[in-house]
Amino acid sequence: MPLSPGTRLGAYEIVAAIGAGGMGEVYRARDTRLKRDVAVKVLPDAFSQDPDRLARFQREAEVLATLNHPNIAAVYGLEQANGIHAIVMELVEGQTLADLVRRGPMAVPDALRIAGQLTDALDAAHEKGIVHRDLKPANVKITPEGVVKVLDFGLAKAAASSVAGETPPSQAPTTMTLGGTREGVILGTASYMSPEQARGQTVDRRTDVWAFGCVLYEMLTGRRAFDGATTTDILAAVLDREPDWSVLPIGVPSVLRRVLRRCLEKDPKRRFRDIGDAGADIVEARAGDVRDDSARSQPSSKARVIGLTAAAVVVAVGVGAAVWISRNSPSIPAARELRLEITTPWTKSLEGLAVSPDGATIVTVAATSGIRTGLWLRELNSGISRPLGGSDGATYPFWSPDGRSIGFFADGKLKRIDLAGGAAQTLADAPNAQGGTWSRDGTILFTPTQILPIHRVTITGGSIAVTRLEPSQLGHLHPQFLPDGIHFLYFASGTADKRGVYVARLDGSDVRRLMDANGPAIFAPPGYLLFVRGTVLFAQPFDPVKLALGGDAIRVDDDVENVGSWPALSAAASGAIVYRARSPAGDHQLVWYDRAGSELTRLGEPSAAGQAAAVSPDGRQMALGRVVDGKRDIWLLELARGVLSRFTADGGVGPLWMPDGSGIVFASNRGGGLGVYRKSIVSSVEEPLVVVKGENANVADISPDGRVLLYHRADRKTRLDIWALPLESGGAPFPVVQTSGEDVNGQFAPNGTWLAYQSDESDRYQVSVRSFRGSGRAIQVTADGGTQPRWRRDGRELFYLDLDGRLMAVPITFTRDGQSVDVGVPSPLFQTRIGGANISQRDYLVAPDGQRFLLDTPVGDTSPPIKVILNWRP
């Protein structure tokens, strides 16, 4: 019967249940004598009532207690109280290997690290004559430090317990009796049984070798070597069928493939006799030595001479044949360079594209409507783009080396999805990701936020940093593996002396700065770095072995989209290059709509995307962000005459008018990191308000009295927060909203005492309101997500965009003293064509009376075309 917390078994006090299985129930307990936590496994009643079994188990436990190995969970002793028999074991924290392989194939280095520790554990036990007989991922734990611990070692041999519960056949411990004899007992789990074990024959250490092969196969492929709908189906596969060797990733070295085949030989005589043989090959694979068996012994001097002579003859014959062919056959011309353009669904995420390793398929980020984006696939031999299900909210896609899977970021997570089908799998936290890359051995690098170093996904599902930020560097962004799978490129943002394109080893060493740059570079065969300056795509020779640039950069194209710190650019291992053409000058139009979504008037002429527009308090001018010749600045538009004039000359985004119309506050990265500046509208006087190195700042709103500025500030622990800066008193900035989520788009209510904002603390953006200076809790306005809150001037309504891009309205009622607020039920107004939830965007403005809305509306139904270069010859 289950034990409740507080129950005592001798010196052990039960704390909580951990799990249950065929060997009984497992509890966390406190050792009151030694003051440590332990695992207590209570044996089944049928087991406890059998004197023969208990005596046998006592002997086995005594042997197991002698196993003192760092990769085997220790047995501390047996305990008996009130008719309950239990075994006391080491409490191992962490995840089981079953939890890890459930997420999909592991990177080869991670699988090797686990496999090496498994072989050490099995070898130590086999030396003492102990055979596990039920090795499987569920019986292996990985501690947070990456240490492997094998559980239930030898217990399967000591006890024959029946299957309990509704465990799937592939995981259920199978116990069958043939002919009613002990020699006929089959113990183990069907998917990991050796053929002799499945037949009920006598087993030895080679049955653990087989199970190890099954576990290793599952780590590398993400699927079981032998599976089926029923136990009978699984056992039939074990006895008669081979594993599907074709699903092994291409990055698995030959020595590791040989280990798998030798472990999974159905004839025990042909299988590895000792697990130590497999362990030696694992060590060899980890060292990167993938020599063939024929090369394992050193040849004699005579053999080396013969070999060299034979090689020379082969080379001579080959060269002679090539010369003969060149003289006697018509020349075969090199493939001609081909350039083409393809159209994709409309998207604001122009940088979200990647070409598959074979150059045949392009994945893009697009949104058919609303703010939620997704992945679309376009095969070059097809004229149709198709959405990829399960990729809602995706940004920055990147391919697996075999082209079967895609990595992407959504909902603050790094995810992967298989093209063959199935749900996306979450790999790690990535609150505000900035690109990822995938090596041949399965290693994934990515940047969790724009102010962190490059991280590597760990085998336990978390991530660890592999680069280190230098002083004056803000973040390491957009990694890309080089062909060796050991070195990678990345872009470091920061001050002019520290920013640029860098290369480093996977272990974080051998860091080199390759060039000064405002954005990343990517490697393209046969040996070039591609990068964008302004709107021009350049290529510069690069040696991926010496890790050195050589020669001069050459122009590839003069019309490339450059979005912030990441150009819309990708290159395939096959040599294909894809990039987004520059947005046309008239791809967006400012349009006034009524509450039903009917178009009223168009403001000015079509232009490039007008980022974060703001109308002056007197209604005569509009400040908006424009990109001209690849440079982003703030421009002023006279609404009556339609005349545009440049307002900033050194960069600027997100303009806000001072309430008295005397000047504009904006953000700029001119100081090596985003800072906040204020510039007079009537003179060239400009002053920095907030410039904090290492903390990106971006403007959000100004209080109605003009005394306080709200802005976003990045933090390596709390991601993005909303801060306030007193503008007149010279006071110090202070945090207003600071949660574990991304808190942005703060907007003062007209009374100046409340504010609305959006936060993804609950894994998706939600709009909330809270007191500006009070300590009261936030009141969540939305239930299904929302962004970009805006107030009506009288404060009686709050507007926002839901995640489908609909403009929503919420009634708001403040008490007379302004100390509390009642929030009504949101109702939809109309569907917009705003795509993307960029924190620096202000995609719409609200007229003072709340009856009209000015939207930055895309012109047409497609985005700028994607350009493709095949067979590129510099």
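Estimated at 0.36 nm per residue, the fully extended path between Asp552 and Ala280 surpasses their Cα-Cα distance by 93.1 nm.
Taken along its three principal axes, the alpha carbon spread of segment 203-289 comes to 40, 30, 15 Å, from the longest extent down to the shortest.
For segment 374-474, the carbon plus sulfur part of the accessible surface works out to 47%, probe radius 1.4 Å.
The length gained by stretching the chain between Glu686 and Asn751 to full extension, at 0.36 nm per residue less their Cα-Cα distance, is 20.5 nm. Listed by chain and number, the aspartates and glutamates placed with their C-alpha closer than 20 angstrom to that of Lys269 are Asp123, Glu127, Glu196, Asp204, Asp208, Asp240, Glu242, Asp277, Asp281, Asp293; residues fewer than eight positions away on the same chain are left out.
Neighbours of Leu151 by Cβ distance under 12 Å: Lys/Arg scored +1, Asp/Glu scored -1, total +1. Cross-link reach is defined here as a Cα-Cα straight distance under 18 Å, omitting same-chain residues fewer than 8 places apart; for Lys867 the lysines meeting it are Lys348. Straight-line cross-link reach from Lys717 at under 20 Å between alpha-carbon atoms covers these aspartates and glutamates, not counting any fewer than eight positions away in the same chain: Asp411, Asp429, Glu470, Glu695, Glu742, Asp743, Asp760, Glu761, Asp763. Taking 0.36 nm per residue of separation and subtracting the Cα-Cα distance, full extension of the segment from Ile779 to Ser382 would add 138.0 nm.
Over segment 37-131, what is the mean sequence separation of C-alpha contacts under 8 Å (at least six apart), divided by residue count, expressed as relative contact order in percent?
30
Calculated FRET efficiency, Arg646 to Thr230, Cβ-Cβ distance, R0 = 45 Å: about 0.05 to the nearest 0.05.
The values are calculated or read from the model by the stated rules, or taken from the named source; none is laboratory data. All values derive from a computational prediction rather than experimental measurement. A quick note on method: Cβ atoms are made from the backbone with ideal geometry, for glycine too, and the neighbour counts reach across all protein chains shown. Keep in mind that these areas ignore ligands, DNA and RNA; they rest on the heavy atoms of the full protein, side chains included. Shrake-Rupley method; radii C 1.70, N 1.55, O 1.52, S 1.80 Å.
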